[in-house]
Amino acid sequence: MGFMQPPLPRYSSFAEAVEDARRDFDGAWGDDLEPFVMSRLVQASSSFVLTLTSEVRLELLRGLYESPVDQLWAQLESPAIALLARGGPAPMTDWRERGARRLALNAPDVRVAWFDTPHDIPIFAPEAVAAEIRKLAVASEASAGDKLQG
């Protein structure tokens, strides 16, 4: 479980947490992300820890890996898109590519958009994500109009 549950970081100061985030978001860091860093921290005695606890993180991971994702995507009745990142460790990228192939088989109406970014796509490519959301909104409006007319 060490791969899925690495130790949560503890920071001696907010500046240390910001520096860690700056490394995580290399290439996308801006001082405007400092409130994001602060919002995910809570002071625990003399250090800062994530608001996300190990127990909650484990529950999120269980939901992610144990949910019937293929069935859920196939049940969607409105246009949908899966935003996937190519960045990251090769095993994760391979896992995402297998998932995208399964998605194409199980829910062929769901569009897949790949981004050459790490996991946090909206932080690294906000304009591209916004453009994809706009396209999805237009497709959703058209789909709703077709259902009303049909």
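Largest GNM mean-square fluctuation across 73, 114, 95, computed for the chain with C-alpha springs under 10 Å, falls on 95.
Put simply, the convex hull of the Cα atoms in segment 76-150 casts, on average, a shadow of 5.3 nm². Computed over the alpha carbons of segment 51-112, Rg followed by Dmax gives 13.4, 38 Å. Seen from a random direction on average, the alpha-carbon convex hull of the chain projects onto 11.1 square nanometres.
Mind pulling the angle between the C-alpha long axis of helix 54-66 and the longest principal axis of the chain? Nearest 10 degrees, somewhere in 0 to 90. Between the helix axis and the principal axis of the chain, the angle is about 20 degrees.
Under 5 Å from the amide H of residue 112 lie the amide H atoms of 82, each residue being 5 or more positions distant or on a separate chain, with H modelled from the backbone and absent for Pro and chain starts.
Distance between the C-alpha centres of segment 87-110 and segment 44-62: 28 Å, rounded to the whole angstrom.
Taken together, the values in this text are just the output of simple stated rules run on the coordinates, not laboratory data. Here the structure is a predicted model, which is why all the values come from computation and not from measurement.
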